[in-house]
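**Student:** Mind having a look at this structure? Questions to follow.
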Amino acid sequence: MTHLDRNAARAALFSLTMLLTACGGSSGDGAGGAPASGPVGSADAESWQAAQGYMDVIAHSSAFDECLTRNPAAEPWKCLRGPRSGSALGHAVAEWMRSRLAAIDGLTGVRTQRFSIPGFAPRAYDLTVDADDGATPIAAFPWYYRGTTPAAGVAGPIVDLGKGGTLAQLLAGDLSGKVAYLEISLALNAESGKADGLLQQIEDKGALAAIVATDAPANEIAAQNFDVGTGRRALPTLIVGKQDGARIAALAGHDAHVTIEASIADQSSDNVIARLPGADPSHIIVVGTPINAWLTASGERAPGVGILIYLARYFAEQARKNGPLPYTIDFVATGGHELYAAGVDRYLSCLAPESIMAYVHLGSGLVYAGYANGLDGEPKATGGLSQARTLAVSENTVLRGVSDPAFSAPALQPYFSFPPSLFIPGENRAPYAKGIPTVGMNGTNAYFHTAADDATQIVRAALGPMAEAFRDSVAGLLQTDAMALARANALAAALGAGGDAPFWECAD
C-alpha cells in the first residue's frame, strides 16, 4: 500500500468513526474488549479480547481532541490518534484500564496515581516547501519538546545535511536563517542515538528549524521519543517520511516554511494500580506494562495491555478458588512511557525496597510481526515474529530457573536474550539498577511508532503462548522462596548499582 493509499484509508476510517459517533455507535469510552467478570477463559482469548478493548479506545474514544485540521481527509497527518502522555486520549486509556481492573473480583485498592510531566500540547503544525510549481505541503509530525515557532512559523532556505556527518556540517557552515534537513536511522527506541547531539549542533549553528526524515517504510512518519529528564530543546523539529525527505533534499536551496505551535504548560500522566493481596503481604511481585504511546501502537502496546488484564483475572480467580496466593501481586499500568517519564519508577519508589520481590515487565512489541528487507528496500513480511525482540533477565540463577523454561516455547521464537547488565531496555532499567530481580521483554519492527502499527502487526498465533509465558513466570515466582531469590540477585545488584533510575520518587 502506498503512502497516499494509507492516507486515504486513514481518512476513510476517520470519517467512519465520526459517523458512528454521531449515530450513537461505539465511542470506545466504555469497558470494551474482554469480559469484566465470569470464568477466566484461555490465555489467548482473554489477552486478545482485552487487547481489542484497548485498541478500540484509541481508535474510537470521543476523548481524542488533537485533530488539528478542519480537513482530515486532505491532511490526515494532522489528525493522528494516539494515547500520548498528558493528552485527553492518554487519560482515556488509563480510565479504561482502571475500570477493567476495578471489575475484577479480588483486586483491592484499584486507583489512578497521577503525576506531573512537562507539557507539550501541539495547537498547530505545518510544513510547506517552495517548489518550482509553488508551495507544496508535506506530511509531517512534530518531534515533541524540541521547540516551537511563532504562530506565523519560520521560513528559510533548506540545507541538506544528509546523515549529519562531519564533512556535511563543515560544508554547510553557518546555518543562521536556514532550515536544516537531516536523515536518521531508527534504533530500538525509534530514535537514532546520535540524533540529539546532531540536532544540538544544528541549533548551535543558528538554524531556524530542522526537518528530520527517518528510514521507516512506505513514507511512514515514525514519531520519536524524547527524554524529558534532560530538559527541553529550542530547535523546532518536524519529522517526515523517507520518500518525502528525498523530495525535500532535492529542493535544497528552496525555502521551507515550518510551524509548530504548542502549549508548554505542565500536564499529567497516569499509573493505574491494582493489588491482589497474598498470604505474605511483606513480599510483592509487581507486574507492569506501559499504556501510553505516540500513535495507534497496536503491535507496540496492545499485547502487553491485554496480557496484563488476563494475568490479573487469572491470578484473582486462582485466589478465589484456592485461597490467598503465597505473595502479593501488584498489577500496574504505567504512564509517561514515550517521554521516559518512568511511571513505573514513580510507583515502585512508593513501596518499601525490601518488599519488592521482583518486577515483571510486559514491554513493547511482544508479538510483533517480523519483516525482512526486500529488493526494493521496503520490508517484506516473513510470516513469523520480529527478530528484534529481547528478553532481559537479571543475572540471577533462581529467576532464570523460572523464566527460561517459561519462554522456551517454539511459538515465541526467535528472540535475543541478554543479561540486563549488557542491555537494560525501557522500564526494566531502574528496577534492575535498584537491585530488584527483573524479567521483561521488549521488541520493535519496521512499523514501530508509525500510524501503520495497527492490529495487522500482531502475530495472533503467538499471543496466547506469550501470555502463558508471563503467567508461568509469575506462577513460578509465587512458588519461589523470596529470600533465596534475593540472595541470588547479588551479582545483578552489584552490576546495576549506581545505574540510571530516573524519577525514583513516589508520585503519591
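**Student:** Using +1 at the C-beta of Lys and Arg and -1 at the C-beta of Asp and Glu, which of ILE424, PRO142, ILE239 has the Cα lying farthest in the positive direction of the dipole of the chain?
**Tutor:** With unit charges placed on the Cβ atoms, the residue in question is ILE424.
**Student:** Take the residue pairs LYS78/LYS163; LYS78/LYS205; LYS242/LYS380; LYS163/LYS242 and return only those whose Cα atoms are more than 24 Å apart.
**Tutor:** LYS78/LYS163; LYS78/LYS205
**Student:** Moving on. For the chain, what does -39500 (n - 2.57) per DSSP helix run (n ≥ 4), summed and divided by total residues, give at 222 nm, in deg cm²/dmol to the nearest 500?
**Tutor:** Helix contribution divided over all residues of the chain: -9500 deg cm²/dmol.
**Student:** Exposure proxy check: THR328, THR128 ranked by fewest other beta carbons within 10 Å?
**Tutor:** Placing the least packed residue first, the sequence is THR128, THR328.
**Student:** List the extent of the Cα atoms of the stretch 428-508 along each of their three principal axes, largest first, rounded to whole Å.
**Tutor:** 43, 31, 29
**Student:** Something else: With each pseudo-label sitting 7 Å past Cα toward Cβ, what's the ASP376-SER417 distance in nm, one decimal?
**Tutor:** Placing both labels 7 Å beyond Cα along the Cβ direction yields 3.9 nm.
**Student:** How would the stretch 135-204 be classified by its alpha-carbon gyration tensor: rounded, prolate or oblate, with rounded meaning a/c under 1.5 and the a/b versus b/c comparison settling the rest?
**Tutor:** Oblate, since a/c reaches 1.5 and b/c is not below a/b.
**Student:** So, one more: Whole-Hz ³J(HN,Hα) for each residue in the stretch 119-131, computed from phi via Karplus 6.51 cos²θ - 1.76 cosθ + 1.60 with θ = phi - 60°, x for glycine and proline: what do you get?
**Tutor:** Residue by residue, the stretch 119-131 yields x, 7, 10, x, 9, 6, 8, 7, 9, 10, 10, 7, 9 Hz.
**Student:** Residue by residue through the stretch 161-172, which ³J(HN,Hα) values in whole Hz follow from phi under the Karplus form 6.51 cos²θ - 1.76 cosθ + 1.60 (θ = phi - 60°), with glycine and proline marked x?
**Tutor:** Values, residue by residue: 9, x, 8, x, x, 4, 4, 4, 5, 4, 5, 6 Hz.
**Student:** Remind me, relative contact order of the chain in percent, using alpha carbon pairs under 8 angstrom and six or more residues apart?
**Tutor:** Relative contact order here is 17 percent.
**Student:** Amide H of ILE239: which non-local residues (sequence gap of 5 or more, or other chain) have their own amide H closer than 5 Å, using H built in the peptide plane?
**Tutor:** Long-range HN contacts for ILE239: PHE141, TRP143, VAL212.
**Student:** A follow-up question, please. Would you please give the FRET efficiency between SER42 and THR69, computed as 1/(1 + (r/R0)^6) with r the Cβ-Cβ distance and R0 = 45 Å, to the nearest 0.05?
**Tutor:** The formula returns an efficiency of 0.60 here.
**Student:** Let me ask something additional. Under a Cβ-only charge scheme (Lys and Arg +1, Asp and Glu -1), can you give me the dipole magnitude of the stretch 253-338 about the Cα centre, in debye to the nearest 20?
**Tutor:** It works out to roughly 660 debye.
**Student:** Okay, next question. Kindly give the semi-axes, whole Å and largest first, of the ellipsoid equivalent to the chain, taking each as the square root of 5 times a Cα gyration tensor eigenvalue.
**Tutor:** 40, 25, 21
**Student:** Per-residue HN-Hα couplings for the stretch 347-359, Karplus 6.51 cos²θ - 1.76 cosθ + 1.60 at θ = phi - 60°, whole Hz, x for Gly and Pro?
**Tutor:** The phi angles translate into 8, 4, 5, 7, 9, 4, x, 6, 8, 7, 6, 6, 10 Hz.
**Student:** Using a/c under 1.5 as the rounded threshold, could you call the stretch 121-263 rounded, prolate or oblate? The axes a ≥ b ≥ c are square roots of the C-alpha gyration tensor eigenvalues, and prolate needs a/b larger than b/c, oblate otherwise.
**Tutor:** rounded
**Student:** OK, next. Tell me, HIS91, HIS449 in order of fewest to most beta-carbon neighbours within 10 Å?
**Tutor:** Fewest-to-most ranking of HIS91, HIS449: HIS91, HIS449.
**Student:** How would LYS78, LYS163 line up from fewest to most surrounding beta-carbon atoms within 10 angstrom?
**Tutor:** Exposure proxy ranking, most exposed first: LYS163, LYS78.
**Student:** Could you give the length gained on full extension between ALA252 and ARG114, defined as 0.36 nm per residue of separation minus the Cα-Cα distance, in nm?
**Tutor:** Working it through step by step, the gained length comes to 45.1 nm.
**Student:** Cross-link partners among aspartates and glutamates for LYS321, C-alpha distance below 15 Å, same-chain residues fewer than 8 apart left out?
**Tutor:** ASP105
Throughout, read-outs are computed from the coordinates displayed, never taken from laboratory work. Small disclaimer: the values here were computed from a predicted structure and weren't measured. With ideal geometry, Cβ positions are generated from the backbone for all residues, glycine too; neighbour counts draw on all protein chains shown.
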